[in-house]
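K.L.:
The following block contains the structure, expressed as structure tokens.
Please treat every number below as a calculation from the coordinates, not as lab data. This one's a predicted model, so the numbers in the text were calculated from it and none came from an experiment. Note that we place each Cβ from the backbone using ideal geometry, even for glycine, and neighbour counts take in every protein chain shown.
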């Protein structure tokens, strides 16, 4: 279990993480989402002892990372896939990590095989592509067979087959009862991978819930309706206070639920061919809920031909 308690990190006058509290439980894949500059990477770095909190704590099974005797056996992490000496081979890199935490040497071959790098285990890491570096980083995270895994943008540089592979890997790790905490900007992928979400903005907690609850909370009450008498129905629904938009051979109705739409149609002798509530996407929910927390914007509408960006992640 990962638990942040009143976690705060300041860099001079800048507050990167602001009194943040959340928990990540075992047996599930928990997504860590937020706009650029929200504090996700800083939070993960504090969890791994790479940055010290200004105040508060983030604990791994009740302990801070520095107090873990053999940390790789408790928590495995992928934060920066390029953090490897370029002249070392993949096998040599894993070997020194294994020795530092008294992990048996046979485990090196097991994780190399698990991530598909056996054939290049003896090659210099400096010649690896980003996708291969990601796989080596994941092998490093798996090396100690840890109970807790943290992945920061693990699908960067992976092809579609690699993305499917890491998604299935995370599901399998969670099914084994491990704690899996993963950040990503690919919201469509998070929708398929994470069953729980921790969402932050400007260093503060915005939401902690299941993925379905997060999407449902942000989705408008919209219903897709098809009928051979759309114009008659549209007038009746508008008169009843609903908002109606035409989409191809259907209308999208908001401000009225399916039951009331059906009753209105019946009262006006309108035959219905479809009456289906519309489910929003994770991307739509994320944009709606985090809109006020976006720190860095680009606006092409206000300045055509120019990208107005105030910063990077």
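K.L.:
Label points 7 Å out from Cα along the Cβ direction at residue 281 and residue 260: separation in nm?
P.N.:
2.8 nm
K.L.:
How high is the FRET efficiency from residue 23 to residue 83, r the C-beta distance, R0 45 Å, rounded to 0.05?
P.N.:
E(calc), rounded to 0.05, equals 0.95.
K.L.:
Determine the gain in length on full extension of the stretch residue 164-residue 99; use 0.36 nm per residue of separation and subtract their C-alpha separation, reporting nm with one decimal.
P.N.:
The residue 164-residue 99 span can extend by a further 20.3 nm.
K.L.:
A further question follows. How high is the relative contact order of the stretch 71-150, in percent, counting Cα pairs under 8 Å that sit 6 or more residues apart?
P.N.:
So the answer I get is 55 percent.
K.L.:
Working from Cα positions, state the angle (0 to 90°, nearest 10) between the long axis of helix 230-239 and the longest principal axis of the chain.
P.N.:
90 degrees
K.L.:
Where does helix 130-142 land angle-wise versus the long Cα axis of the chain, in degrees 0 to 90, nearest 10?
P.N.:
Compared with the principal axis, the helix lies near 70 degrees.
K.L.:
Only counting other Cβ atoms within 10 Å, I'd like 15, 84 sorted with the fewest neighbours first.
P.N.:
15, 84
K.L.:
Taking only C-alpha pairs under 8 Å that are 6+ residues apart, what is the relative contact order of the chain in percent?
P.N.:
21 percent
K.L.:
Further question on the same structure: Once both axes come from the Cα atoms, what is the angle between helix 160-175 and the longest principal axis of the chain, in degrees from 0 to 90, rounded to 10?
P.N.:
Helix 160-175 and the main axis of the chain meet at about 80 degrees.
K.L.:
Working only with C-alpha atoms, what are the Rg and Dmax values of the stretch 65-213, expressed in angstrom?
P.N.:
In Å, with Rg to one decimal and Dmax whole: 15.7, 47.
K.L.:
If each residue of separation counts as 0.36 nm, what is the full-extension length gain between residue 124 and residue 6 once their alpha-carbon separation is subtracted?
P.N.:
That pair, residue 124 and residue 6, stretches by 38.3 nm at full extension.
K.L.:
Expressed in nm to one decimal, what extension gain is obtained for the pair residue 232 and residue 109 from 0.36 nm per residue of sequence separation less their Cα-Cα distance?
P.N.:
Details: separation 123, 0.36 × 123 = 44.28 nm, distance 6.91 nm.
Value of the extension gain: 37.4 nm.
K.L.:
By count of other Cβ within 10 Å, fewest leading, how are 103, 200, 64 ordered?
P.N.:
Starting with the residue having the fewest Cβ neighbours, the order is 64, 103, 200.
K.L.:
Now, a different point. How many angstrom lie between the Cα centre of the stretch 66-88 and the Cα centre of the stretch 235-288?
P.N.:
First find each Cα centre; the distance between them is then 52 Å.
K.L.:
Counting only C-alpha contacts under 8 Å and six or more residues apart, can you give the relative contact order of the stretch 220-277 as a whole percent?
P.N.:
Result for the stretch 220-277 is 51 percent.
K.L.:
Between residue 249 and residue 186, what is the label-point separation in nm under the 7 Å Cα-to-beta-carbon projection?
P.N.:
Output for this residue pair reads 3.5 nm.
K.L.:
Can you show me the helix-derived [θ] at 222 nm for the chain, built from DSSP H runs with n ≥ 4 at -39,500 (n - 2.57) apiece and divided by the number of residues, rounded to the nearest 500.
P.N.:
It lands at -9500 deg cm²/dmol.
K.L.:
So, R0 is 30 Å and r is the distance between the beta-carbons of residue 217 and residue 269; what FRET efficiency does that work out to, to 0.05?
P.N.:
Step by step, r from the Cβ atoms, then E = 0.25.
K.L.:
Now for a separate question. Roughly how many whole Å is it from the C-alpha centroid of the stretch 169-199 to that of the stretch 117-160?
P.N.:
Computed from Cα coordinates, the inter-centre distance equals 17 Å.
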